[in-house]
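Contents: one structure, followed by commentary.
The values are calculated or read from the model by the stated rules, or taken from the named source; none is laboratory data. Treat the numbers as computed from the prediction; the structure is a model and nothing was measured. Because the Cβ atoms are built from the backbone with ideal geometry, glycine has one as well, and the counts that use them run over all protein chains shown. We work out accessible area using only protein heavy atoms, side chains counted, and drop any ligands, DNA or RNA first. Shrake-Rupley method; radii C 1.70, N 1.55, O 1.52, S 1.80 Å.
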Amino acid sequence: GKMRTAAVTFVALCLLTAGTRASDELVLRKVNDTTCLDGSTAGYYVTQAAGESSDWIVFLQGGGECVDDATCAGRLHTDLGSSANWPPSRGRPADITRAAPFSNWNVLYVPYCTGDLHYGSRVTPSGLHFTGHSNLERILEDALNETAIGSADTVIISGESAGGLGCIQNTDYIADKLPSVSHVFSVPIAGFYFGQQIYDGPGHTSGGLPSFETQAFQKYAAEWGAVPHKQCAEAFGQDAWKCLMTANVVQYLRVPVFVVEAQTDQVVLMY
């Protein structure tokens, strides 16, 4: 079927593009009109294989989420809420960018500093910048001007945990910004979550993260100014906030998706 054909194509392309290892150093580019939770300027890290590869990985960092002053306080002055202490360069993130056949690919790494699963477009009255999606818009504009990603042969959009959720929600948006790219695939890692009814009976666990119950995402959508997937939002109408749940949005994605998810995912089991 369609998905099997896409899977075979994906594997074949990965094998064909294996080659000389690219630089391990990613250099920080801060981008105007992007913000972290605390209002500091956000951006992205990028490495380019000096003409050796025409293939790219766009990787969204993970790191939980927060939804208000109380839940964001603990991260506001860390790298997950501020760019103040981001180093000017860093190594390749995650196994997907380091292992063959991807170790020779160019990498565009988006640090996570907005606490909104890369969904948001809102600044709260108290000054929290839930601007993950808005940042991504500016970052892509900058990358198209400053790198060769717009003429790539193959682009894999990935991310882990919170970045995996952001990957799924933003995959088609990113692909639409890369109309000249021949092949685009989405590989979310530990980001395929579904609506939950929290067990609070005998022996229950408590992980400390904001609720993943379906109805909670209605509040998050408003607090973050979340930007849902366009076609999913049109289908759900007034309940477009439900598109923030990956189990609801994935059926509307146009880009082939290859989900990497552990059956014993800690967040799913404990939170």
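Of all residues in segment 53-74, those being free of Cβ contacts under 8 Å to residues at least 60 places away in the same chain and either buried (at least 22 other Cβ atoms within 10 Å of the Cβ) or closer than 17 Å to Arg92 by Cα (or both) number 2. Within segment 191-203, the residues that satisfy the criterion of being modelled with pLDDT of 75 or more and surrounded by fewer than 10 Cβ atoms within 10 Å (Cβ to Cβ) are Gly201, Pro202. Among the residues making up segment 153-176, those that are of a type in the set (Gly, Ala, Ser) and surrounded by 22 or more Cβ atoms within 10 Å (Cβ to Cβ) are Ser158, Gly159, Ser161, Ala162, Gly163, Gly164, Gly166. Restricting Ile96, Ile139, Ile149 to residues that are under 20 Å from Thr41 (Cβ atoms) and among the β-branched types (Val, Ile, Thr) narrows the list to Ile139. Entry remark, segment 130-173: residues being of a type outside the set (Ser, Thr, Tyr) and within 19 Å of Ala190 (Cβ to Cβ) number 14 in total. Of all residues in segment 147-168, how many are under 8 Å from the mean Cα position of the chain (by Cα) and not in a strand (DSSP E or B)? So the count comes out to 7.
Could you tell me whether any residue of segment 204-219 is open to solvent by less than 20 Å² (accessible area, probe 1.4 Å), modelled with pLDDT of 95 or more, within 21 Å of Ser121 (Cα to Cα) and not in a helix (DSSP H, G or I)? Among the residues of segment 204-219, not one is open to solvent by less than 20 Å² (accessible area, probe 1.4 Å), modelled with pLDDT of 95 or more, within 21 Å of Ser121 (Cα to Cα) and not in a helix (DSSP H, G or I), which makes the answer no.
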